[in-house]
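Chemist: Below is a structure I'd like to ask you about.
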Amino acid sequence: MQFIKYFGTDAYTNIAMDTWLLYHLKAKEPVFSLWQNKRAVIVGRNQNTFAEVNQDFIDQNKVQVVRRVSGGGAVYHDLGNICFTFFVPVQSSSQVDFHKFVKPMYDALQEVGIDARISGRNDLTVDGKRSAAMLSAMQAGT
């Protein structure tokens, strides 16, 4: 598995990097990226941003609002969380076994005494709070 670390904390840049890698990486094996964002709300591609954020709070507190190319709900990021993305070369995203990719992180958290859970279709949770994971399935050979 290859590893990419994004060095900046600008959410616009990091989400753009994820998007660029999704469409241009053309990896032959899974790629894992690790990154952090400063204060940001990340919304899914089908969400109404005005319904998801308190614009006055966003403006007053300099919180970035960024739309990602994948679906899913709105999530809050800051330097207190670590984000990760898996880029997996498959024909269809339905072929991806999220559990296989998140299990090493689950094991590491258990090892240091953090009671994480793998639940739902693609959730890694601690104390009932979801991780900010993104799983990107790339078309193999494209």
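Chemist: ASN46 versus (1) under 20 Å from GLY72 (Cα atoms); (2) in contact with a strand residue (DSSP E or B) (Cβ under 9 Å, 6 or more places away or on another chain); (3) of a type in the set (S, T, N, Q): which is the lone unmet condition?
Modeler: (2)
Chemist: Looking at (1) out of contact with any Cys (no Cβ under 7 Å at 6 or more places or on another chain); (2) under 25 Å from LEU109 (Cβ atoms), which is the one condition that is false for ASN37?
Modeler: Tallying (1) out of contact with any Cys (no Cβ under 7 Å at 6 or more places or on another chain); (2) under 25 Å from LEU109 (Cβ atoms), ASN37 fails exactly one: (1).
Chemist: Could you tell me how many of the residues in the stretch 16-34 are surrounded by fewer than 13 Cβ atoms within 10 Å (Cβ to Cβ) and closer than 19 Å to PRO104 by Cβ?
Modeler: Selection size over the stretch 16-34: 2.
Chemist: Further question on the same structure: Among the residues of the stretch 20-35, write down those that are in contact with a Ser or Thr (Cβ under 8 Å, 6 or more places away or on another chain) and in a helix (DSSP H, G or I).
Modeler: LEU21, LEU22
Chemist: Still on this structure, I have one more. Is it the case, given these coordinates, that LYS38 is surrounded by fewer than 16 Cβ atoms within 10 Å (Cβ to Cβ), outside any helix (DSSP H, G or I) and in contact with a Ser or Thr (Cβ under 6 Å, 6 or more places away or on another chain)?
Modeler: For LYS38, the condition - surrounded by fewer than 16 Cβ atoms within 10 Å (Cβ to Cβ), outside any helix (DSSP H, G or I) and in contact with a Ser or Thr (Cβ under 6 Å, 6 or more places away or on another chain) - is met.
Chemist: When only residues in the stretch 84-118 that are of a type in the set (D, E, K, R), over 27 Å from ALA11 (Cβ atoms) and modelled with pLDDT of 85 or more count, which is nearest to the chain's Cα centre (by Cα)?
Modeler: Applying the filter and picking the extreme gives ASP107.
Chemist: Residue under question is SER92, and the condition is that it be small (Gly, Ala, Ser) and either surrounded by 16 or more Cβ atoms within 10 Å (Cβ to Cβ) or touching a Cys at 6+ places or on another chain (Cβ under 6 Å) (or both); does it hold?
Modeler: Judged against the criteria, SER92 is not a match.
Chemist: Of the numbered conditions (1) surrounded by 15 or more Cβ atoms within 10 Å (Cβ to Cβ); (2) more than 15 Å from the chain's Cα centre (by Cα); (3) at pLDDT 90 or above; (4) in a helix (DSSP H, G or I), GLN47 satisfies every one except a single condition; which is it?
Modeler: All conditions pass for GLN47, except number (4).
Chemist: Is the stretch 4-19 home to any residue that is touching a residue at least 24 places away in the same chain (Cβ under 8 Å), assigned to a loop (DSSP other than H, G, I, E, B), hydroxyl-bearing (Ser, Thr, Tyr) and over 17 Å from ALA74 (Cα atoms)?
Modeler: Yes: one or more hits.
The values are calculated or read from the model by the stated rules, or taken from the named source; none is laboratory data. Because the structure is a prediction, the values reported are computed rather than measured. Cβ coordinates were reconstructed from backbone atoms using ideal geometry, including for glycine residues, and neighbour counts include every protein chain displayed.
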